[in-house]
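Q: First the structure, then my questions, so here it is.
The values are calculated or read from the model by the stated rules, or taken from the named source; none is laboratory data. On a predicted model such as this, the values are computed, not experimentally measured, just so you know. Glycine also receives a Cβ, built like all others from the backbone with ideal geometry; neighbour counts cover every protein chain displayed.
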Amino acid sequence: MAKLLRMRATTMAAFVFVATVTNALSGDANAAKAGVTTGPAEPMQVALVSLETNAYEAWKSKDVQFWGTFLSDRFVGWGSSGRLDKASAAKEYAGFDCEIKSYAISDVQMTPLGRDTALITHKVTIDGTCGGQKNAPASWAASVYVREGDRWKAGFHAEAAIVDPAALSAKPEGKQRSDEAKQTYSTDQNARTKDLLLREKAIWEAWKDHDAKSLAALMEMDIQFINIFGFHFATKADALKDWSGKGCDVKTIDLTDAAATMFSPTAEILTFHARADGTCFGQRVGPVWGSSIYVKDGATWKWRFGINLPARIEGG
């Protein structure tokens, strides 16, 4: 579905969300064929995995009819050229330039984000090509489902390819791709965007300063994180250990082009562009496409989940 990002080998894989749980469970045959492994799970998680599997089947079979119906009008995500809305996602997920032989979903983790919103993360392995280039063999993916009436629809999706930082060759930053530059996301931010952006900047500053105490205070107890190298941190303890450790040496950070999307009265996502002047695991930190989910905890909004992707650059 998405084109390979040559610099970091980041791919996107498509997904479709069927109208009801009954329809979702009808995808069990596809799940078995795809090699889905989940272990014991709640009924809701089983349903969401079935939806996710049906989505990969739709991408693999180039079934363009799904996307108009099953993507939420509020959809936001990241694709081969930048941030996606419903229209651009439907076009990208059609998979016309992809030839997929097989895929498998594993290591599923589900996090409720309130009554009508849920996050699912999982590892996905893919054997295939997009745009004539081989897909990254393994990635960590994140999807948000929102219930609209009696239907679950796609609210967000992104994937980060699993790579070895030590094996990456440093490349100079290029110019922003022209197709991303033409996107119409406004920098005239509304009040919700400004509020979440302030909270996000505080998290990035605490990460820069290796300040585990401040990070812990800004986050919920039950969190997950997927970083630019495709490393998945399943618990708050794991994430804090990594963020407050010495893997990254960053002097300054800058967050721009932020946009907040509300999934429910108690769950929102902030998508943004980020730059950090420094290195992580010996590699210079390039431009980043960031996504962070916040949930309302009493009167306060706290960070629940994030996924950061290496931003595609011209020639990258």
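Q: Is at least one residue of segment 49-65 modelled with pLDDT of 90 or more, under 30 Å from residue 257 (Cβ atoms) and in contact with a Cys (Cβ under 8 Å, 6 or more places away or on another chain)?
A: Checking segment 49-65: at least one residue is modelled with pLDDT of 90 or more, under 30 Å from residue 257 (Cβ atoms) and in contact with a Cys (Cβ under 8 Å, 6 or more places away or on another chain).
Q: Of the residues 267, 311, 212, only one is surrounded by 16 or more Cβ atoms within 10 Å (Cβ to Cβ) and touching a His at 6+ places or on another chain (Cβ under 9 Å); which? Working first, answer last.
A: On the way: 267 fails: touching a His at 6+ places or on another chain (Cβ under 9 Å); 212 fails: touching a His at 6+ places or on another chain (Cβ under 9 Å).
Result: 311 is the single residue among 267, 311, 212 that is surrounded by 16 or more Cβ atoms within 10 Å (Cβ to Cβ) and touching a His at 6+ places or on another chain (Cβ under 9 Å).
Q: Based on what the data block shows, is residue 307 among the β-branched types (Val, Ile, Thr), part of a strand (DSSP E or B) and within 30 Å of residue 115 (Cα to Cα)?
A: Values: among the β-branched types (Val, Ile, Thr): yes; part of a strand (DSSP E or B): yes; within 30 Å of residue 115 (Cα to Cα): yes.
In short, yes.
Q: So which residues in segment 130-144 are in contact with a Leu (Cβ under 8 Å, 6 or more places away or on another chain), of a type in the set (A, V, I, L, M) and more than 17 Å from residue 45 (Cα to Cα)? First the steps, then the outcome.
A: So the first thing to find is which residues in segment 130-144 are in contact with a Leu (Cβ under 8 Å, 6 or more places away or on another chain), and the list is 130-131, 133-136, 142-144.
Still in the list and also of a type in the set (A, V, I, L, M): 136, 142, 144.
Of everything in segment 130-144, just one residue is in contact with a Leu (Cβ under 8 Å, 6 or more places away or on another chain), of a type in the set (A, V, I, L, M) and more than 17 Å from residue 45 (Cα to Cα), namely 136.
Q: In segment 48-98, which residues are out of contact with any Ser or Thr (no Cβ under 9 Å at 6 or more places or on another chain) and within 15 Å of residue 120 (Cα to Cα)?
A: 53, 56
Q: For a quick check of your reading: which strands (runs of 3 or more DSSP E) sit entirely within segment 65-133 and have at least 1 residues that are among the basic types (Lys, Arg) and in contact (Cβ under 8 Å) with a residue 40 or more places away in the chain?
A: Ranges flagged: 71-79, 82-84, 117-130.
Q: Identify, by number, the condition in (1) free of Cβ contacts under 8 Å to residues at least 60 places away in the same chain; (2) touching an Asp or Glu at 6+ places or on another chain (Cβ under 6 Å); (3) closer than 26 Å to residue 122 by Cβ that residue 260 doesn't meet.
A: In the conditions (1) free of Cβ contacts under 8 Å to residues at least 60 places away in the same chain; (2) touching an Asp or Glu at 6+ places or on another chain (Cβ under 6 Å); (3) closer than 26 Å to residue 122 by Cβ, residue 260 misses (1) alone.
Q: Separate question: Within the set of pairs 6 or more residues apart or between chains, which connect a residue that is assigned by TED's automatic domain parsing to the domain that holds residue 111 and assigned to a loop (DSSP other than H, G, I, E, B) inside segment 217-239 to a residue that is surrounded by 19 or more Cβ atoms within 10 Å (Cβ to Cβ) and modelled with pLDDT under 95 with Cβ atoms less than 8 Å apart?
A: If the second residue must be surrounded by 19 or more Cβ atoms within 10 Å (Cβ to Cβ) and modelled with pLDDT under 95, no pairs are left.
Q: Let me ask another. Is one or more of the residues making up segment 286-304 closer than 24 Å to residue 138 by Cα, in contact (Cβ under 8 Å) with a residue 24 or more places away in the chain and either assigned by TED's automatic domain parsing to the domain that holds residue 120 or not in a strand (DSSP E or B) (or both)?
A: Yes.
Q: Taking the options 246, 251, name whichever one is part of a loop (DSSP other than H, G, I, E, B), closer than 14 Å to residue 210 by Cα and touching a residue at least 12 places away in the same chain (Cβ under 8 Å).
A: Values: 251 fails: part of a loop (DSSP other than H, G, I, E, B).
Being part of a loop (DSSP other than H, G, I, E, B), closer than 14 Å to residue 210 by Cα and touching a residue at least 12 places away in the same chain (Cβ under 8 Å) holds for just one of 246, 251, which is 246.
Listed here are the residues, each with its yes/no results for (1) within 16 Å of the chain's Cα centre (by Cα); (2) at positive phi; (3) in the same structural domain as residue 147 (by TED's automatic domain parsing); (4) buried (at least 18 other Cβ atoms within 10 Å of the Cβ).
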site: 44; (1), (2), (3), (4): no, no, yes, no
site: 47; (1), (2), (3), (4): no, no, yes, yes
site: 51; (1), (2), (3), (4): no, no, yes, yes
site: 56; (1), (2), (3), (4): yes, no, yes, yes
site: 59; (1), (2), (3), (4): no, no, yes, yes
site: 73; (1), (2), (3), (4): no, no, yes, no
site: 78; (1), (2), (3), (4): yes, no, yes, yes
site: 84; (1), (2), (3), (4): yes, no, yes, yes
site: 89; (1), (2), (3), (4): yes, no, yes, yes
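Q: Taking residue 134 as meeting all but one of (1) crowded, with 21+ Cβ neighbours inside 10 Å; (2) over 30 Å from residue 221 (Cα atoms), write down the number of the exception.
A: (1)
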